[in-house]
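Below: one structure, written as C-alpha cells.
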Amino acid sequence: MSPANGKMYLGMTIAVIASAAALACMQAVSSESDAVAEPMAQPSLSVNVTTLELQTLPTTIAANGDIAAWQEIIIGTEIGGLRLVDVKVDVGDEVTEGQVLAVYNDTTVRAELARSRAAVAEAEATLAEANANAQRARGLKTTGSLSEQQIQQYETAELTARARLGVAQAQNEAQALRLAQTQVVAPDDGLITSRTATIGAVTGTDQELFRLTRHGRLEWRAEVAAPDLNKLRPGQPATITLSGGYELDGRLRTIAPLVDTATRNGLVYVDLPVSDVARAGMFARGEFELGNRQVMTLPRAAVQLRDGFGYVHRVSDAGQITEQKVVLGQHTGDRIEILSGLEPGALVVASGGAFLGNGDQVRVVEIVAEEGV
C-alpha cells in the first residue's frame, strides 16, 4: 500500500469512528431527555375524594309569605258629633276587654239623658192617673152612671198613657246607651297596632279610632305550590325564618280552600308564638316538616353549581378527572341530595373541583367520609 493510500484509509477510519461516537452521544442525550420528561407526566395536584353517603334527611316543603295579625279589630265611633277629650292608650299598648281607650265630651248627652228621665217620670204619672180613671169607670159600668162610650174613652186613655210611657222609656234607654258610647272600650284583649284618635277632634259615626290585634296573636300566611298542598295537614310543625336570621317554631292551623289562578299557589295559615321579633307585615321564609327519608348525599363542597345544574369531578382508578353532571335534590346543612347521575362507590373530588378540568391527572391523598352519617 502506498503511503498516500494509507493516509486516505486512516482518515476514513477516523471519520467512521467520529460518526459512531456522535451517534452514540445523540442516543445518550435522547435517553436522558426521555428520562427527564417521564417524571413531568406524573400528577402535579393532590386531592381528597369522597363518595355518596346514605343519610336520613327530613322531608320539607319550602314556602314564602307575610306575617299578619291573626284577627284584627277596627275600633270606631258609635256616636257622632262629639269632641274627644281624652285618649288613654297608644300604639303598642296591651289592653284588656272592657278597658277604656278614649273618652268623648258627654255634657250634651247627660243633659239629654236627664230630659228623657223626666219624660219617663211624666209618662208614669200620666199612666197612673189614666189607670185610676179607667178603674173607676169600669167600677161604675154596672150602675149605669157612665155610658159605654165614656168608659171606653177612659180605657183608651189608659192604653195611650201606657204606650207613651213605653216610648219615653225607650228614649231614656237610647240616651243611656249614648252616654255609655262616650267611652270607647276595648272589645277584647289584644295589642293596639294603630291609633288615629286625636284629642279635640270632633268625629263622625263609624270613624276609625284604633286597630287591635286580638290577643296579640300573629300568623304566617305562606304561599305553597298547588301540588304540595295535599302533602300538608293541620297541626304539622313549621320553621319560620325572619329577616336577621331569627327563627320561630309555628304550627299549621288551616289550608285555604282556593288556589290563586295567576300564581297557582295556595295560602296556608300558620300560628306563631308570641315573640318580640315577629311583627305584622314582615316577610318570612319557612319550611314544613313532613317526616324523614333515606337519601344519597355529597358534601356541598364536592358539587359545583353552574347555570342551575350540578357537576362533580369524578376520579378514575388511573387518577384522571372526568366532569359529570348530576341531578340535585334537597339541600340540608352542608350536604346535598344526589338524585341521579352518580353511582354508589364512585370517587369524586371532595373540594376544590372548580380548579380542575376534564383529563387532568391528580393523586388521591385520602377518602373523606362524613362523620356520623
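The values are calculated or read from the model by the stated rules, or taken from the named source; none is laboratory data. In this text the structure is predicted, and so the values were computed from the model without any measurement. Methodologically, a virtual Cβ is constructed for each residue, glycine included, from the backbone with ideal geometry; neighbour enumeration extends over all protein chains shown. Each accessible area value is taken on the protein alone, full model and side chains, heavy atoms only, with ligands, DNA and RNA left out. Shrake-Rupley method; radii C 1.70, N 1.55, O 1.52, S 1.80 Å.
For residues that are open to solvent by less than 60 Å² (accessible area, probe 1.4 Å) and of a type in the set (A, V, I, L, M), tally how many sit in region 194-209. If you could, list the steps in order and put the result at the bottom.
If we filter region 194-209 for residues that are open to solvent by less than 60 Å² (accessible area, probe 1.4 Å), which is where we start, we get 194, 197, 200-201, 203-204, 208-209.
Checking the rest, the ones that are also of a type in the set (A, V, I, L, M) come to 197, 201, 209.
Adding up the residues that qualify gives 3.
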Per the filter on region 333-368, residues surrounded by 11 or more Cβ atoms within 10 Å (Cβ to Cβ) and at positive phi are Gly341, Gly352
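Just to check your reading of the model, which residue among Ser316, Ser275 is under 30 Å from Glu94 (Cβ atoms), hydroxyl-bearing (Ser, Thr, Tyr) and either surrounded by fewer than 14 Cβ atoms within 10 Å (Cβ to Cβ) or within 15 Å of the chain's Cα centre (by Cα) (or both)?
On the way: Ser316 fails: under 30 Å from Glu94 (Cβ atoms).
The conditions single out Ser275.
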Single unsatisfied condition, Ala123 versus (1) surrounded by fewer than 19 Cβ atoms within 10 Å (Cβ to Cβ); (2) part of a helix (DSSP H, G or I) | (1)
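Restricted to region 319-332, and to residues that are within 40 Å of the chain's Cα centre (by Cα) and free of Cβ contacts under 8 Å to residues at least 60 places away in the same chain, which residue is least open to solvent (accessible area, probe 1.4 Å)? Don't jump to the end; show me each part of the working.
Kept after step one, since they are within 40 Å of the chain's Cα centre (by Cα), are these residues of region 319-332: 323-332.
Subsequent filtering for residues that are free of Cβ contacts under 8 Å to residues at least 60 places away in the same chain retains 323-329, 331.
Working: Glu323: 62, Gln324: 42, Lys325: 105, Val326: 7, Val327: 71, Leu328: 45, Gly329: 26, His331: 76 Å².
Applying the filter and picking the extreme gives Val326.
Working only within region 136-149, note down all residues that are assigned to a helix (DSSP H, G or I) and either surrounded by 13 or more Cβ atoms within 10 Å (Cβ to Cβ) or of a type in the set (Lys, Arg) (or both). Full working, then the answer.
Residues of region 136-149 that are assigned to a helix (DSSP H, G or I), as a first pass: 136-139, 148-149.
Hits for region 136-149 are Arg136, Ala137, Arg138.
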Keeping to region 187-218, report how many residues are under 15 Å from Tyr104 (Cα atoms) and of a type in the set (A, V, I, L, M, F, W, C).
-> 6
Filter result for the condition that a residue is outside any helix (DSSP H, G or I), touching a Ser or Thr at 6+ places or on another chain (Cβ under 6 Å) and surrounded by 13 or more Cβ atoms within 10 Å (Cβ to Cβ), over Leu212, Leu191 | Leu191
